[in-house]
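Written out below as structure tokens is the structure these notes cover.
The values are calculated or read from the model by the stated rules, or taken from the named source; none is laboratory data. A quick note: this is a predicted structure, and the numbers were derived from the prediction, not measured. As a convention, Cβ positions derive from the backbone with ideal geometry for all residues, glycine included, and neighbour counts pool all protein chains shown. What goes into the accessible areas is simple: the full protein's heavy atoms, side chains included, and nothing from ligands, DNA or RNA. Shrake-Rupley method; radii C 1.70, N 1.55, O 1.52, S 1.80 Å.
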Amino acid sequence: MAAHSSCNFALTNPIISQIDSFSKKKLSVPLYFFSTRKASTNPWLGVVDSSLSLSSPVSALQSNRRRRIHKSVVSSLPTANPDLVVSDAKKPKWSWRAIKSFAMGELEARKLKYPNTGTEALLMGILIEGTSFTSKFLRANKIMLYKVREETVKLLGKADMYFFSPEHPPLTEDAQRALDSALDQNLKAGGIGEVMPAHILLGIWSEVESPGHKILATLGFTDEKSKELESFASESGFLDE
């Protein structure tokens with residue numbers, strides 16, 4: 001009686017009946033290789049679905065690994081004075097060393113947990129980049145990265161350890177003016193060549209009340225050094241190669 005009732009339950013239950021009918025079918029391939037792709041005709045094998053290949057999961061993974069990743073490349077730095085750029089033809093181009101210096105400055109501001117990227121961060125970015133003529137000039141004059149860091153903390157203080165800087169700390173007003181000054185120097189020179197880290201450093205030095213200027217002055221940078229850098233840079237066309 002119990003066996004008869006269980007049999008009736010199986011026949012009346014649609015889910016169990018579907019499973020029972022499905023299990024009687026003979027499958028030629030595992031379930032997880034089924035696909036909605038259109039089958040292709042092979043003259044030797046007849047109709048073949050490429051998605052049923054045993055190597056499909058591996059090849060799909062490899063294709064994902066080989067997939068190109070498109071990255072946005074920054075080609076210019078922010079400016080608060082769009083009038084400096086008259087047209088695209090006259091638009092000053094930032095060198096990759098200047099862009100990297102700016103990016104390293106932002107990163108240094110985040111490491112120090114500061115809410116903004118200031119002139120002191122731009123100065124550290126130039127030193128961290130390390131390959132430009134300007135960076136070598138600073139190191140030759142005993143202006144090292146660790147010294148700039150120490151002076152920055154003395155001048156601005158330590159940030160709250162529980163504070164998290166934004167991904168791109170916004171520029172302070174004096175840092176923005178320093179970048180605008182770097183553009184202006186290039187335009188005054190006729191827009192020849194690219195805007196280099198030397199332009200940025202001279203822009204920092206022109207902001208007398210900025211932390212970057214004060215730190216440079218504390219570490220022995222003077223107007224004479226600034227003129228020396230400017231003369232060297234103008235002779236070489238601001239080439240940092």
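The numbered conditions (1) more than 17 Å from Phe221 (Cβ to Cβ); (2) open to solvent by 40 Å² or more (accessible area, probe 1.4 Å); (3) part of a loop (DSSP other than H, G, I, E, B); (4) in contact (Cβ under 8 Å) with a residue 24 or more places away in the chain are all true for Ile128 except (3).
Let's see how each residue does on (1) more than 21 Å from Val208 (Cα to Cα); (2) not aliphatic (A, V, I, L, M):
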residue	(1), (2)
Leu112	yes, no
Phe133	yes, yes
Ala140	yes, no
Leu145	no, no
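Among the residues of the range 131-152, write down those that are open to solvent by less than 50 Å² (accessible area, probe 1.4 Å) and either out of contact with any Gly (no Cβ under 9 Å at 6 or more places or on another chain) or in contact (Cβ under 8 Å) with a residue 40 or more places away in the chain (or both). Hits for the range 131-152 are Ser132, Thr134, Ser135, Phe137, Leu138, Asn141, Ile143, Val148, Glu151, Thr152. Among residues of the range 144-184 being under 17 Å from Met104 (Cβ atoms) and among the polar types (S, T, N, Q), the one that is farthest from the chain's Cα centre (by Cα) is Thr152.
Screening Leu216, Leu155, Leu171 for residues that are touching a Ser or Thr at 6+ places or on another chain (Cβ under 7 Å), surrounded by 12 or more Cβ atoms within 10 Å (Cβ to Cβ), at pLDDT 90 or above and aliphatic (A, V, I, L, M) leaves exactly one candidate, Leu171.
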